[in-house]
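Peer 1: Before we start, here is the structure in question, set down as structure tokens.
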Amino acid sequence: MAQTGSPTPLPNLRHLNAALAVWRLGSISRATEQVHLSQSAITQGLAKLEHDLGVTLFTRSATGLYATESGSVFLHRAERAINWLEAIDQASGLRASRGAQPLYRRLTSTQLRALISVVEQGSYSLAASLLRLTQPTVHRAVKELESACKQTLFRRSPAGVEPSWQARQMARYASLFFAEIEQGREEVGELQGLRAGRVRVGSLPLARAQLVPHAVTQLLREYPSASVSIIDGPYEEQLYSLLHGQLDVIVGALREPTPSPDIEQKLLFRDPLHIVVRPGHALTSRRPRNAGELRALDWIAPRRNTPARETFSRFFADQGFAPPEHVIECSSLVAIRSLLLESDRVALLPARQVALEVQMGILAVSPKPLAGTHRNIGITLRKHWKPTRLQRRFLELLKNSG
């Protein structure tokens, strides 16, 4: 999931570091040595940062500068953001010489945006189009970044450019940096009474039907100005977006074992699978006698390497049978519905996922679930992620909806 150009001003990294130094030291003069900027440059930087945010970050007193309430909220978030940039130093493999500034203090937001876009697009021209910059500008920004970390981050390939492992890691940390800054802006707005902000939800098949739409509807009643994005797609793509700060939460079947050490999974409920057929199908008037009879049916099965497919295969294995081999693999409910209506095929789905179709008489579902087909449904988050008030409320609504 590619990032688009931000409508808000890109943060100036020098200004952010200067603000954090003033916050920690309580003085512009004491901050000058730490950030290698003059007092006038720091003062101008703070003014620019305050203008972009629309709030006052510091108040003056006889003993120094102190963060305002809004300033404290934003600077705490900015500190988290800078921690991601510090991780870039490790990812780059560059060891700073004694007395030299760390790598992240020599970078610019433009360079980081260019890095993220070229990694994701695999092309300077596509990245330039996405960022609404010229290709030479993007190319120059990447070359400056390569010079700063003293290594080649991209190599040409037949399809465009191929990022190195270090480039991918650096792009991830940069993406998380921007995500934290955006959350900081939203938290400042929340403090000012704005009931806005943003939630980006990765929705897996079960969650698309009722769970996520219900929680989003409830959220927008409380926060009518909030911006909500519901993204579907394969789990692997959603996990990538979550780890890069482009999604806030994934809702749906949990994975076992956990596919990344950087995420945490929280259970909402356990959901069984039912046999789903068209109305008038022979199975609507009688139950299958055994697993052997079920195995002989024409199945529409979930995609491989998904919890539902593993459950499907395990059901037959537990009964002493090999799983059906001649199946149609499909994860689209729209396509499954059409296949069921036009044939005597059967599918294995959660009853709540087809509740509307059953209510309308379009599909029929077995009254009892298949034994041993319960799956864990829940939310997947980045470890140590700190939600805004809006995002925290959305998570509460999800738990209530489950």
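Peer 1: Within region 223-235, is even one residue among the acidic types (Asp, Glu) and open to solvent by less than 10 Å² (accessible area, probe 1.4 Å)?
Peer 2: No, there is no match, as no residue in region 223-235 is among the acidic types (Asp, Glu) and open to solvent by less than 10 Å² (accessible area, probe 1.4 Å).
Peer 1: Only one of these is in a helix (DSSP H, G or I) and touching a strand residue (DSSP E or B) at 6+ places or on another chain (Cβ under 8 Å): Val138, Val142, Val73. Name it.
Peer 2: One residue alone meets the criteria, Val142.
Peer 1: Farther than 24 Å from Lys383 by Cα, among the β-branched types (Val, Ile, Thr), within 23 Å of the chain's Cα centre (by Cα) and part of a helix (DSSP H, G or I) - does that describe any residue in region 109-116?
Peer 2: So far as region 109-116 goes, yes, one or more of its residues are farther than 24 Å from Lys383 by Cα, among the β-branched types (Val, Ile, Thr), within 23 Å of the chain's Cα centre (by Cα) and part of a helix (DSSP H, G or I).
Peer 1: Of all residues in region 38-54, count the ones that are under 28 Å from the mean Cα position of the chain (by Cα) and either open to solvent by 80 Å² or more (accessible area, probe 1.4 Å) or of a type outside the set (Gly, Ala, Ser) (or both). Steps first, please.
Peer 2: From region 38-54, those under 28 Å from the mean Cα position of the chain (by Cα) are 49, 52-54; that's our starting set.
Subsequent filtering for residues that are either open to solvent by 80 Å² or more (accessible area, probe 1.4 Å) or of a type outside the set (Gly, Ala, Ser) (or both) retains 49, 52-53.
Of the residues in that region, 3 qualify.
Peer 1: Can you find, within region 252-286, the residue that is surrounded by the fewest Cβ atoms within 10 Å (Cβ to Cβ) among those that are touching a Gly at 6+ places or on another chain (Cβ under 7 Å) and under 22 Å from Ser332 (Cα atoms)?
Peer 2: Here the residue is Pro279.
Peer 1: Got a sec? Which of Arg185, Arg195 is among the basic types (Lys, Arg), under 30 Å from Glu69 (Cα atoms) and surrounded by 16 or more Cβ atoms within 10 Å (Cβ to Cβ)?
Peer 2: Arg185
Peer 1: List every residue pair whose Cβ atoms lie under 9 Å apart, where the two residues are 6 or more positions apart in sequence or sit on different chains, the first residue falls within region 283-302 and is more than 18 Å from Ala317 (Cα to Cα) and in contact (Cβ under 8 Å) with a residue 60 or more places away in the chain, and the second residue, located anywhere, is assigned to a helix (DSSP H, G or I) and open to solvent by less than 30 Å² (accessible area, probe 1.4 Å).
Peer 2: Once the first residue is more than 18 Å from Ala317 (Cα to Cα) and in contact (Cβ under 8 Å) with a residue 60 or more places away in the chain and sits in region 283-302, no partner that is assigned to a helix (DSSP H, G or I) and open to solvent by less than 30 Å² (accessible area, probe 1.4 Å) comes close enough.
Peer 1: I'm trying to understand the selection: among the residues of region 304-337, which are under 26 Å from the mean Cα position of the chain (by Cα), open to solvent by 30 Å² or more (accessible area, probe 1.4 Å) and among the polar types (S, T, N, Q)?
Peer 2: If the condition is that a residue be under 26 Å from the mean Cα position of the chain (by Cα), open to solvent by 30 Å² or more (accessible area, probe 1.4 Å) and among the polar types (S, T, N, Q), then Asn305, Ser331, Ser332 are the ones that fit.
Peer 1: Being at pLDDT 95 or above and part of a loop (DSSP other than H, G, I, E, B) is the filter; apply it to region 363-383 and report the residue that is farthest from Phe315 (Cα to Cα).
Peer 2: So, considering only residues that are at pLDDT 95 or above and part of a loop (DSSP other than H, G, I, E, B), the one farthest from Phe315 (Cα to Cα) is Lys383.
Peer 1: Grab the strands (runs of 3 or more DSSP E) fully contained in region 166-254, keeping just those with 2 or more residues being among the β-branched types (Val, Ile, Thr) and under 30 Å from Phe154 (Cβ atoms). Before the answer, list the steps.
Peer 2: Numbers: elements: 198-203, 227-231, 249-253.
Output list is empty.
Peer 1: Quick check: is even one residue across region 277-294 in contact with a strand residue (DSSP E or B) (Cβ under 6 Å, 6 or more places away or on another chain) and in a strand (DSSP E or B)?
Peer 2: Within region 277-294, one or more residues are in contact with a strand residue (DSSP E or B) (Cβ under 6 Å, 6 or more places away or on another chain) and in a strand (DSSP E or B).
Peer 1: Return yes or no: is Ala62 aliphatic (A, V, I, L, M) and open to solvent by less than 60 Å² (accessible area, probe 1.4 Å)?
Peer 2: Details: aliphatic (A, V, I, L, M): yes; open to solvent by less than 60 Å² (accessible area, probe 1.4 Å): no.
Answer is no for this residue.
The values are calculated or read from the model by the stated rules, or taken from the named source; none is laboratory data. Because the structure is a prediction, the values reported are computed rather than measured. With ideal geometry, Cβ positions are generated from the backbone for all residues, glycine too; neighbour counts draw on all protein chains shown. Quick note on the areas: whole protein, heavy atoms, side chains included, nothing else; ligands and nucleic acids left out. Shrake-Rupley method; radii C 1.70, N 1.55, O 1.52, S 1.80 Å.
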